Amino acid sequence: MAEDSIARNSIYRRNRILQEIENSNADIICLQEVAYTDGAYKFFTRELTSLGYKVVCEPTSEELMASVSEQPSQETLTQLSRSFGIITAYKEDMFTIK
């Protein structure tokens, strides 16, 4: 029961974020802590691409995770870096990355 509520909340949040992105018509977008495990990574990649953005995704580095957490274990850092990523998207018709 609780998992259903969390899943619905997650889907709601990602749709609201997408709505904000569409309304802002931003040239460049950066999203952090995008989860690989709940489908958010695939969702944002697909949706941003359909809106005309070029999407670049990177896993969160262990160094970055260490900077935001007090004394994390190596195992925790490794797991977190595999679970989350950063998405940068830019309007393909406005920018070219070389």
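Look at the range 46-58: where a residue is in contact (Cβ under 8 Å) with a residue 40 or more places away in the chain and a partner is assigned to a helix (DSSP H, G or I), sitting 6+ places away or on another chain with Cβ atoms under 9 Å, you get Leu48/Leu18; Leu48/Ile21; Lys54/Leu48. In the chain, counting only strands (runs of 3 or more DSSP E) that sit wholly within it, the ones holding 3 or more residues that are at pLDDT 80 or above and loosely packed, with under 12 Cβ neighbours inside 10 Å span 28-35.
The values are calculated or read from the model by the stated rules, or taken from the named source; none is laboratory data. Keep in mind that what you see is a predicted model, and the values were worked out from it rather than measured. We place every Cβ from the backbone using ideal geometry, glycine too, and count neighbours over all the protein chains shown.
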